[in-house]
Amino acid sequence: MYLFLGISCFGQKKIQQGSIADSERDPGFLYAFTEASRLLLFGDYGRALSLFSECLKYEPRSAAVHYQLAQIYIKAGDMTTARNFSRTAHLIDPGNVWFAMQLASIYQASSMADSAIFIYKSLLTGSRDDLNLLFKIASLYEQEGKFTEALLYLDNVEKEAGITKEVCISKSRIYSKTGKKKKALFELRRCLTGSEQDYIVYGVIAEYYRTHNQPDSALHYYELIEMDHQDDANVMFSYGEFLLEQGRISEAQKVYIGIFSNNFIDENIRINYLYNVIQDERLYKLVNPVLDTIANTLYREARDSIRIISLYSDIKYRNGKYDEASKALKRIIAIDDRNYSAWDQLLFCENALSRKDSVKYYGEIAIARFPERPLPYLVLGSVQYEDKEYTSAVTTLKTGENFAGGDRLKIEFYSLLAECYAKIGDLDLSDDYYMRSLKIDSLNVVVLNNYSYSLAVRGDNISKAISMSKYTIEMEPFNSTYLDTYAWVMYQSNNLAEAEKYIRKAIQYGGGTNAEILNHYGDILAKKGKIKNAVDAWNEALKYGDNDMVSSLRVKIENSKKQ
């Protein structure tokens with residue numbers, strides 16, 4: 001939001017301690033308040049917090065102390081605590097403008113627009129000094145979707161200040177939101193009358209045409225400002241996105257290379273933009289055609305900047321280029337081997353690349369360096385499970401389980417331990433861990449599928465297996481894994497017609513290249529006496545199975561010849 005006209009009715013001011021004369025104050029309070037204020041000035045918030053808290057022991061109703069404590073909690077991002085201290089300061093001294101402004105700004109940041117508006121309105125004096133407040137109130141009404149009220153306050157500003165770009169742009173935005181396109185465009189053109197060469201307004205007009213699918217008009221305004229304002233990140237990012245929307249990839253690529261090679265554009269702005277790209281699905285899809293080029297441009301300039309190398313690895317990981325991400329993460333670790341995030345992501349990259357030995361190597365180092373972090377245990381344990389090292393997996397996972405804090409992570413540990421115990425034949429512990437998982441989330445389809453399959457394989461409690469497996473295919477009717485499990489449960493319950501029906505669905509919905517599903521298909525057909533068809537299914541499974549699976553399939557195929 002723009003600062004209106006460069007006018008602010010409230011500037012910076014030293015907060016006074018209150019109405020008590022210094023001569024009447026306890027020396028302990030005076031020392032603590034003065035020293036806390038000094039520490040706050042130099043950014044030592046922890047010690048300042050301690051001393052301001054000490055002040056409250058002397059004067060629990062000191063509005064100035066509550067105000068300063070609110071300031072510290074604002075810095076810390078704890079808006080709830082900040083609001084409590086600020087509200088107390090305002091209640092103690094409701095006539096203090098600074099305390100009121102602080103509380104209103106906290107309400108605004110906490111999406112409590114009605115409360116913020118109430119306080120801002122209470123500060124109106126009926127003079128020209130109200131302009132900034134009126135603009136704030138209008139902005140809050142706009143955020144709340146109360147457009148009529150917002151326009152009314154913007155009109156009041158305009159009566160005092162005349163035509164300004166801030167008011168015109170705000171009005172245009174509101175008219176655009178309410179579908180009044182002509183009025184929206186009129187407001188933008190109107191503010192050009194006092195500032196023909198104001199590139200900010202040209203940029204907003206370009207954005208207007210861009211969002212209203214008028215590319216030729218948008219391009220005209222972009223071209224008016226692009227060459228002379230290449231140091232303005234907002235202009236250049238908007239222009240780059242516009243070119244991408246129009247499919248002009250090579251031109252967009254030049255724009256983005258220019259942005260990320262331009263040291264006159266603040267590095268924080270450039271990096272934050274890319275983090276936004278990674279996290280915003282719509283923006284990611286739009287920028288993706290040039291994302292690799294941007295990442296490579298940044299990486300060449302990175303030298304030993306962990307922040308930029310990390311961003312590069314994030315982009316490569318997001319794009320599925322795990323090998324390049326892995327190399328960058330190893331570079332980070334070489335610079336700072338205590339960077340846990342780098343170790344964490346490296347394990348995921350190596351696992352995605354199926355480099356099991358590498359996962360084991362880096363996993364063991366990560367555990368040694370960060371023994372209370374749960375994820376290295378989980379990733380290492382999962383690889384040990386895949387390599388059929390079930391006893392080692394149990395040891396790893398049992399240790400990591402102690403550090404799993406959130407429910408989601410606990411389910412991951414519990415369900416994998418359940419599978420490990422089943423493999424080593426400890427079925428009671430396997431059932432116990434499945435039940436621990438389901439106690440946290442009784443409708444977790446992954447756990448329900450795995451547990452029902454485990455019961456089916458051992459032919460135990462089939463009615464329970466049917467109930468759990470049926471729920472999974474109701475929730476995800478096109479999941480080949482869940483369909484296969486249900487088919488196998490039906491097979492174990494000797495309901496071969498249903499078994500064949502659902503195994504065919506499993507193959508139809510993506511299981512046609514899965515050795516285990518094809519193997520089950522052959523077993524179901526064989527049990528129904530369709531030996532030739534069963535052999536065909538087993539032969540197809542041979543194409544996709546591992547060594548153990550292939551050996552088992554060959555035995556079945558040989559045995560079928562004797563029937």
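The values are calculated or read from the model by the stated rules, or taken from the named source; none is laboratory data. Since the structure is predicted, the reported quantities are computational estimates derived from the model, not experimental observations. Glycine also receives a Cβ, built like all others from the backbone with ideal geometry; neighbour counts cover every protein chain displayed.
Assorted remarks:
- Check on Lys532, farther than 29 Å from Asp387 by Cα, within 40 Å of the chain's Cα centre (by Cα) and in a helix (DSSP H, G or I): no
- The set of residues from segment 277-295 being surrounded by fewer than 13 Cβ atoms within 10 Å (Cβ to Cβ) and assigned to a helix (DSSP H, G or I) comprises Gln279, Glu281, Arg282, Lys285.
- The listed residues are Ala506, Ala487, and the only one of them that is under 26 Å from Asp428 (Cα atoms) and either touching a Gly at 6+ places or on another chain (Cβ under 7 Å) or assigned to a helix (DSSP H, G or I) (or both) turns out to be Ala487.
- Scanning segment 365-391 for residues that are surrounded by fewer than 17 Cβ atoms within 10 Å (Cβ to Cβ) and among the polar types (S, T, N, Q) returns a single hit, Thr391.
- Of all residues in segment 516-529 being assigned to a helix (DSSP H, G or I) and of a type in the set (D, E, K, R), the one that is farthest from the chain's Cα centre (by Cα): Lys527
- Within segment 218-270, if we keep just the residues that are of a type in the set (Ser, Thr, Tyr) and surrounded by fewer than 16 Cβ atoms within 10 Å (Cβ to Cβ), the residue that is modelled with the lowest pLDDT turns out to be Ser261.
- The residue that is surrounded by the fewest Cβ atoms within 10 Å (Cβ to Cβ), counting only those in segment 475-523 that are touching a Ser or Thr at 6+ places or on another chain (Cβ under 6 Å) and more than 23 Å from Gly459 (Cβ to Cβ), is Gly510.
- All conditions in (1) in a helix (DSSP H, G or I); (2) farther than 25 Å from Tyr73 by Cβ; (3) in contact with a helix residue (DSSP H, G or I) (Cβ under 6 Å, 6 or more places away or on another chain); (4) free of Cβ contacts under 8 Å to residues at least 24 places away in the same chain hold for Ser172, with the sole exception of (4).
- Look at (1) in contact (Cβ under 8 Å) with a residue 24 or more places away in the chain; (2) over 32 Å from the mean Cα position of the chain (by Cα); (3) part of a loop (DSSP other than H, G, I, E, B); (4) within 30 Å of Val290 (Cβ to Cβ) and you find that Gln230 fails only one, number (2).
- Residues that are of a type in the set (Gly, Ala, Ser) and surrounded by fewer than 16 Cβ atoms within 10 Å (Cβ to Cβ) within segment 296-305 are absent altogether.
- Test for Tyr67: is it hydroxyl-bearing (Ser, Thr, Tyr) and either at pLDDT 90 or above or crowded, with 19+ Cβ neighbours inside 10 Å (or both): yes
- If you go through segment 306-364 and pick out every residue that is free of Cβ contacts under 8 Å to residues at least 12 places away in the same chain, surrounded by fewer than 16 Cβ atoms within 10 Å (Cβ to Cβ) and closer than 21 Å to Pro374 by Cα, you end up with 3.
- Scanning segment 420-436 for residues that are touching a residue at least 24 places away in the same chain (Cβ under 8 Å) and either out of contact with any helix residue (DSSP H, G or I) (no Cβ under 9 Å at 6 or more places or on another chain) or not in a helix (DSSP H, G or I) (or both) yields a single hit, Ile424.
- Condition met for Leu49 (modelled with pLDDT of 90 or more and part of a helix (DSSP H, G or I)): yes
- Restricting segment 396-419 to residues that are assigned to a helix (DSSP H, G or I) and of a type in the set (Gly, Ala, Ser), the residue that is surrounded by the fewest Cβ atoms within 10 Å (Cβ to Cβ): Ser415
- Qualifying residue in segment 461-474 (condition: without any contact (Cβ under 8 Å) to a residue 60 or more places away in the chain, buried (at least 24 other Cβ atoms within 10 Å of the Cβ) and over 35 Å from the mean Cα position of the chain (by Cα)): yes
- Hits in segment 313-323 (condition: within 16 Å of Val277 (Cβ to Cβ), charged (D, E, K, R) and either in a helix (DSSP H, G or I) or in contact with a strand residue (DSSP E or B) (Cβ under 6 Å, 6 or more places away or on another chain) (or both)): Asp314, Lys316, Arg318
- Flag for Trp538 being part of a helix (DSSP H, G or I), of a type outside the set (Lys, Arg) and over 18 Å from Leu455 (Cα atoms): yes
- Filter pass, Ser310 being more than 21 Å from Gly240 (Cβ to Cβ), part of a helix (DSSP H, G or I), at pLDDT 95 or above and not charged (D, E, K, R): no
- Pairs with Cβ under 6 Å, 6+ apart, first in segment 275-290 and touching a residue at least 40 places away in the same chain (Cβ under 8 Å), second polar (S, T, N, Q) and surrounded by 14 or more Cβ atoms within 10 Å (Cβ to Cβ): Val290/Gln253
To keep it simple, each residue is scored yes or no on (1) within 21 Å of the chain's Cα centre (by Cα); (2) within 30 Å of Ala422 (Cα to Cα); (3) part of a loop (DSSP other than H, G, I, E, B).
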| residue | (1), (2), (3) |
| --- | --- |
| Ala325 | yes, no, no |
| Ala334 | no, no, no |
| Ser341 | yes, no, no |
| Tyr361 | no, yes, no |
| Ala368 | no, yes, no |
| Gly381 | no, yes, no |
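- Output for segment 330-378, where each listed residue is aromatic (Phe, Trp, Tyr) and farther than 23 Å from Asp304 by Cβ: Phe348, Tyr361, Tyr377
- Cβ-Cβ under 8 Å pairs, at least 6 apart or on other chains, segment 152-166 side surrounded by 14 or more Cβ atoms within 10 Å (Cβ to Cβ), far side part of a helix (DSSP H, G or I) and acidic (Asp, Glu): Thr164/Glu158
- For segment 177-195, the set of residues classified as of a type in the set (D, E, K, R) and either at pLDDT below 85 or in a helix (DSSP H, G or I) (or both) consists of Lys177, Lys181, Lys182, Lys183, Glu187, Arg189, Arg190, listed by residue number.
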